[in-house]
Structure formats: structure tokens, C-alpha cells
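The numbers here are math on the coordinates, done by the rules we state, and not lab data. This one's a predicted model, so the numbers in the text were calculated from it and none came from an experiment. For neighbour counting, all protein chains shown are included, and Cβ atoms are generated from backbone atoms with ideal geometry for every residue, glycine included.
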Amino acid sequence: MSYSILAYDDDDSSPTCTAHYIKNIKDKHTLVNTIFNLANTKIKDEIVNFEIQFLACSSELTNCERKIIMKKHRQNYINDFIEPALKKQKLETKQMKYKTMAKEKRQRLLTKKKSYKQTMSTEQKQKAQENKRLMYETIDQPKRKELLAKNMNYKETMSKEQKQKVLENKRVKYETMDQSKKKELLAKNMNYKETMGEEQKQKLLEKKRAKYQTMDISNKKEFIAINSSKIMSNRMSLDSKQKNNLLNREKEKRMEKKPLTHDIDTYIEKFKQQIKAGPFYICCVCNRKLYKKLVVILQKNKYSRQDCFMCQCCSDSKEYICKTCHAKLLKGQQPCQAVINNLFVDETPTELAALEKLEQILIAQRIVFEKIVVMPKGQQRKIKGAICNVPVECSQTCNVLARPPDRSGIMLLKIKRKLQFRGRVYFQAVRPQFVISTLNWLIANNPLYRNIEIQCDNISSDLTNLNCPDTDQENIDEPLQLQSNVNRELCNEDVEEQDDPLNEHRSAASETCLQSILPNYPVNLDNTNCNSTGREVFNIAPGEGKHPVSLMTDKLCEELSFPVLFPKGRFGYTCERDIKLSPIKYFNARILHYSGKFATNPEYIFFAQFIMEQKRISDSINIALKKVHGQSVTASQVKSNSQAFQNLLSQDQAYLFL
């Protein structure tokens, strides 16, 4: 496209008419500059009106096509010299226009553009690519990075059909290429990988690893088979020299790895790298906290079932799913450890969260007596002996508790197996008012506590009085004198109450401001006197006279033993579920729960261990029957009629063995 200018003076007063004819102007910018130069040379310091007319064109175009070309050139010129704010405003209006456009018009526009690209000749396509290449070379470095990131995101958001079309086009293009161009392209790709930096290589490997982890098992098998066939075909096509070079490289790599395999520092470093991230990844189905290698990124559109997700975002604001739940959901099955399989965890209210260890035991309807010992080295805890499950009545315990008249409302309490014993199971300071308020909450919200009644007749009126009474100052020395007299009389009986020699290696059972007053723990005082000075140690034995119950037969022992963990008394290991769940998987889901309240309770961990061991032992017990004359017994009769089986055991006609 070339322009020509014919400039003349259209003034009747002037006797002569001079004309200027300028031709072969190829650029629109030079056209504008020549017009301005003519105006400046002809007229100065005056306002000039220009009338530009399209006289003639050498190309064979219709008037409509000429108008389109002129409009396009005008738009390009405006876009080049327009201000950024106006340019942005124009783009926004275009975007709004496109968004508000009807679907039919959009599709027409897209098909028009596609058809225009398809109808382009090879020369036009090459010109367009050349223009794009030149434009890319003139772009700044940050803009290039933005463009590359945009292209990468576009590829990730592409649908499968679009990806297949792109790959098919590339494949067709590669097949139509000459042999020399193919070799150049392969050499370029090989050099590109060699010239890559370490960061780029690591990023590429990380992307490939993440892509491989998100693949299905069938796709993984296909991928491995294709790669192995490719490697074999590449090796078969190699020359003898290339094969030798490849073997030498593999030998060198093996020799480099050999000394590292037996070095303990490498194993330690490897272990640190593996646990570096930590178990911070929450599964959206079972709500367990797991390591990164045990989870994959959640993609909900992959699964047919959408009712199993209880979404919990991690610290990186992403959603994950563990591999066990992932495998089950791919088959269309519900995982047994899913939260919707009656494995919900109720939130702990503030009344229960504020309780100390001994206060939690006082409100429980089952006391699980465990002998937990702290090891001298490492301060690790271990359990000694069996666990004893004793049913108690927490309402009677609360009625026995004394109410100290001081403002703190704290008293020292020992729990014993039997009041006659000198040894204690637990010893800590407790707050009776907190225990009673927690029990009231449980009675209102927990169905297992509905039949409990609390009698608060022994609460002192001084407990609610914030003003300190005058009589307190007079009676300060009296309990101290009583304590010294009793300690002198019963010094010999308190030998077994002295601390164990290993206690210096153990953590303190109770550290309160009241212990400084009691260097040697005082002896028992009569619990019938409900008014307390707050300096005595009270002994109770809530399980005395009660018969222990087996953990396997007590259906609600978990909910009744740990009301802090199960505030509403539901979803224990004996709860009815749609999918059968073994105790091992149940306690695994509880201890790995993202809240962490099960894992931080050592009594619950030992309780879970004992249940699992007892279940394993009971499952491995076999039954042997003696062959005697009389009525025959079948396996179904033994399973259905437990009383008949007990009769056989009592008559020594059957026995159990491991």
C-alpha cells in the first residue's frame, strides 16, 4: 500500500495556482509528517482546515473494503498515540461488550476467526509468524516472563479434547517435515535440556513427579510400559560405541552411589529430608494428618461419589486426599475411615477444655486404672500391668468433695484404689466448682449423663462471698498446728507415702502454690467434715466396692471413660456404622485426627493399645472339643448358643487355646 499527495492552493485572489505532488509514500506516519511540513511551509501562525480526499487507488478493491482498511489504519494510529488511561478504558468497554454479547454472536465471532486462520495461505501464515517473532524479540524481559506464564497456565486449563487436537496438529506437522528439519529439531531439544539450569531442571522434575502422582494406577502402568519400550528401542538403535559409552556412564553412576549407600550420614540426611515437611497434610475424607508422600491433591471431578468430602484446607490453602481414600473413591466405594462413616469428632466446649487431668477423671463414669511409669532415660512413658475398667458414680464423688471457703476454691485430692491403701493413683489440686459446672453441662448435653443428680448441700456460703471474713485471720494458725501434731504422731505410718527414688527422673505430678505450705504431704483427714481450710489433703476411693468390667463387654466404656474427648457421648469404637471398621483402623483415624486432642492424651493412647491387643488375642483363640458319646455339636450351634458353649467348657468337654 502506497500513498500520494497532491497539494494545491484553492484561493481565487491569488493569480497563480501552485501545486505540489508527492508520491510513493509507504508509511502512514511519513504521510502525516509530509502533510504537517506542507502546512508549516505554506501558512504560519494561522488556523488551517485540511480536507483530505481519497482520489484513486491502484488496487482492485470495493468501496466497502476500502472503508474497512481505512478504519483499521485509523484504529492502529489511535492505539499507537493514545494515552494509557484512555487505552485501558477502551479495552474495558470492549471486554464488557464481549461479556454482554449473546452466545450466538460469540460463536459466530469465534468461528469467523477460526475460519479466517484456516483460509489463510501459507505465505500469509509465515508473515504472521514472522511478525509475532519480531514483536516477541522487541518485548522486555519481564513481559516475556508474563507471556510465558500465561501460556503455561493456558495449557494447564485446556480440556482433554483441546490438548489432543494440539498434539495431533503437532504430530501431523512433524510427519510432514523434512528429514533434515527433524534432525535439527531433535538436536535443538537435546541441547535445550543440556543448557538448562539446575533450578529449571528441578522444577521440570517436580512437575513431572506431581503429574505422575495424580495419575491413576492403570495410566501409571501404561506410562511405565511405554517408557520401557522406548528405552529398549532406543538402546537397540544405538551403535556399538554409543552402547559402550552408555554402559560406562551407568557404571560411573553406580560407583558414585556405592560409598554413599553405606554412610550413616546420608541416611540421616535422607530421613531429615523425608520428614522435613512434617505430617501437615489433612485428608478431606478421613480428616487425618499425614505426610506429603501419603496424600495427593484433591480433584473432585475424578470421583463419582461427592458425599464423602469434609473439606479441610491445609496451611498452603490446598485440599488433599490420602491415597487409601483416593483408591476407594476411584472404585466408587466409600472408605471405611471416612468421617461420614460415624467418625465425627464433636468440638470440646470451654467447660471441659478448662479441666485438669484429675478433674477429668472425677467427672468420668468409668475410671480406667493404668499404671503409667516414666522411664529414667528419655522421659518416655510406658504402661505396667493390665488396665482395669471400674464403673463409678461421679455424682457421689462430687457430693463427697469438700468446699474450701477461700476465694481460690482449690483443694488437694488423692484418688486411691481403696481408702485403706497408703499408695495413691492420682494426686493433684482440683476445683470443685469447675467439676460441678462441667457435670451440669454434661447432664444437659450428653445422653449418657441424664440419670445423674448432683446435691450441692455441702457448699459453704463463704465460697460465693468475695469479702474475706474476719474469722479467717484468727484461725490461720490452728490448721497448721493440727498438721504438725498429726505428722508427729503418724510419722512411722507415712513411710510408704515417701517418694519413689525414680521420682527425681520423672516430671512433677502437681506443681501448685499450695505445695510450698505442705513440704511433707499431710495424712488423711475425715472427709465427713465438708468445710475445709484449703490446706488439707482429701482421700477418696470412688471405685471401692465396685466390680471391674471387661473392656470388651462394656459397650460404652470409651465414651464414659473420656468425656472430654466425647462430650456428647457418641461415635465411639462400638458405634454402629454403615461400613464395618476394625479397632486398629478406628484408633488410627482417631489418633491421627487433625485436631490432635486424641494424640495428646497419653491415657487414651494406652487405652487404645490395650483394646487392640486384647482384640487381637481374642481373635486368635481357638476352640477344641472332645469327642464323646452323646449328642453331636456343630460349629453353628456353638456360635449361636453361648450358654451351651459355656456348659461344654465347665464340663471339660471343650477348652480354649492360643
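Worth a mention:
- In this structure, Thr553 and Asn301 have a Cβ-Cβ separation that, at R0 = 30 Å, corresponds to a calculated FRET efficiency of about 0.05.
- Pairs from Lys155/Lys302; Lys357/Lys597; Lys201/Lys241; Lys72/Lys132; Lys105/Lys125; Lys289/Lys318 whose Cα-Cα separation, in the structure shown, is over 21 Å: Lys201/Lys241; Lys105/Lys125
- Potential lengthening of the chain between Arg570 and Asn37 amounts to 182.7 nm, from the contour at 0.36 nm per residue minus the alpha-carbon distance.
- Calculated FRET value between Met375 and Tyr267, using beta carbons and R₀ = 41 Å, to 0.05: 0.95
- Sorting 240-247, 320-327, 568-575 by average packing, meaning the other beta carbons within 10 Å per residue, from highest down gives 320-327, 568-575, 240-247.
- Given R0 = 25 Å, the distance between the Cβ atoms of Glu544 and Thr600 translates into a calculated FRET efficiency of 0.25.
- With 0.36 nm allotted per residue and the present C-alpha distance subtracted, the Ala277-Lys207 stretch has 23.4 nm of extension available.
- Vicinal HN-Hα couplings computed from phi for the stretch 112-125 (Karplus, 6.51 cos²θ - 1.76 cosθ + 1.60; Hz; Gly/Pro x): 5, 5, 5, 5, 5, 5, 5, 7, 5, 7, 5, 5, 5, 5
- The residues Val638, Val172, when put in order of fewest to most other Cβ atoms within 10 Å, stand as Val172, Val638.
- For Lys416, the amide hydrogen comes within under 5 Å of the amide hydrogens of Val425, Ile540, Ala541, counting only partners 5 or more places away or on other chains and with H modelled in the peptide plane.
- ³J(HN,Hα), Karplus 6.51/-1.76/1.60, whole Hz, each residue of the stretch 593-598, x for Gly, Pro: 5, 5, 5, x, 6, 6
- Computed from backbone phi, the HN-Hα couplings of the stretch 282-288 come to 9, 6, 7, 9, 9, 6, 8 Hz, rounded to whole numbers (Karplus: 6.51 cos²θ - 1.76 cosθ + 1.60, θ = phi - 60°; Gly and Pro given as x).
- Between the stretch 163-183 and the stretch 559-608, the alpha-carbon center distance in angstrom: 59
- Ranking of Ile387, Ile436, Ile139, Ile367 by count of other Cβ atoms within 10 Å, fewest first: Ile139, Ile436, Ile387, Ile367
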